[in-house]
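The structure appears right after this line, and notes come after that.
The values are calculated or read from the model by the stated rules, or taken from the named source; none is laboratory data. It should be emphasised that the depicted structure is a prediction, and the values quoted were computed from it without experimental measurement. Don't worry about glycine lacking a Cβ; one is built from the backbone with ideal geometry, like all the others, and counts go over all protein chains shown. Remember, those area values only see protein heavy atoms, side chains included, never the ligands or the DNA or RNA. Shrake-Rupley method; radii C 1.70, N 1.55, O 1.52, S 1.80 Å.
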Amino acid sequence: MVKEKIESVRSLERGFKILECFTEHVTLSLTEISLYTDLSVSTCNRLVKTLVDMQYLEKNFQKKYTLGPKINTFLESMNRKNDIVEIANESLIRLKSKFNETASMYLEQNVNRVCVAKVESSHALRRTVKLGEVLPLNRGAVGEVFLAYMSLEKKLNLLNKNIVYTDDFLEKIRKQGYAINDGIQEPGVYAIAAPVLDTDKNVLSVISISGPSDRIKKYESELIVEIKKEAEKLSKELIKYNKEN
């Protein structure tokens, strides 16, 4: 069993090594792939065949190999995410400029949420957000917003037994259009999150603004109004983007 796992990892590493050859070459023959990877022709042949079957590589009319359509799918997905982040940054910059607190945006990723955009406060004492940070969907104000708009089946699968959200609590978030977390996830940190929705009221992303509790509470009501306004603007912009792309 252990030997099989080691072989699987080795095959995976070799497969990526083959794909990396195409960062500097558009097309390669099997012999050239073998030369650049220091792998035997027979090993390359086996791995390349698998990559072709999975559409990560394809063979052209010259019987040479080039990147396949599956790679294009990844590139399109990456470009799309970059476009969404660029659109979101305008909203985050406006929020940060108005309150000088850290603004961020999250996308759902399986059972987690990932930070894909952020604009940090210039205060010495501020909430620091890591770009690419992955957190469970059932944590914090951002997680509560995701949960509030989630299907019942998915919600039940995600909820931690030690964290109980009542239907009334999540319904309140849907009605008011935001969630607040005051020091529950991180002591002394206050966060407000609002959903970015599509035309069917499904969550496209969630934006948040966070900082020290004592400071944010002074303009909480104004902040709620502004983050909801920015979430609504962003919803319209992303709906338009999705229609055009």
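A few comments on the model shown:
- Residue that is farthest from Arg215 (Cα to Cα) [pool: residues in region 82-97 that are buried (at least 16 other Cβ atoms within 10 Å of the Cβ) and of a type in the set (D, E, K, R)]: Arg94
- Selection within region 175-197 - over 16 Å from Gly143 (Cβ atoms) and open to solvent by 40 Å² or more (accessible area, probe 1.4 Å): Lys175, Gln176, Pro187, Gly188
Per-residue answers, yes or no, for (1) of a type in the set (Lys, Arg); (2) within 20 Å of Gln109 (Cβ to Cβ); (3) free of Cβ contacts under 8 Å to residues at least 40 places away in the same chain:
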residue	(1), (2), (3)
Val142	no, yes, no
Leu156	no, yes, yes
Thr166	no, no, yes
Ile173	no, no, yes
Ser213	no, no, yes
Val225	no, no, yes
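- Filtering region 16-49 to residues that are within 28 Å of the chain's Cα centre (by Cα) and more than 14 Å from Tyr65 (Cα to Cα) leaves Phe16, Lys17.
- Residues of region 175-189 that are over 22 Å from the mean Cα position of the chain (by Cα) and not in a loop (DSSP other than H, G, I, E, B): Lys175, Gln176, Asp182, Val189.
- Candidates Ser221, Ser210: the one that is within 18 Å of Phe99 (Cα to Cα), out of contact with any Leu (no Cβ under 8 Å at 6 or more places or on another chain) and buried (at least 20 other Cβ atoms within 10 Å of the Cβ) is Ser210.
- Residues located in region 25-35, provided they are closer than 18 Å to Tyr56 by Cα and not acidic (Asp, Glu): His25, Val26, Thr27, Leu28, Ser29, Leu30, Ile33, Ser34
- Asp168 falls short on exactly one of the conditions (1) part of a helix (DSSP H, G or I); (2) under 17 Å from Leu95 (Cα atoms), and that condition is (2).
- Among the candidates Val142, Val129, residue that is part of a loop (DSSP other than H, G, I, E, B), hydrophobic (A, V, I, L, M, F, W, C) and either modelled with pLDDT under 80 or under 19 Å from Cys115 (Cα atoms) (or both): Val129
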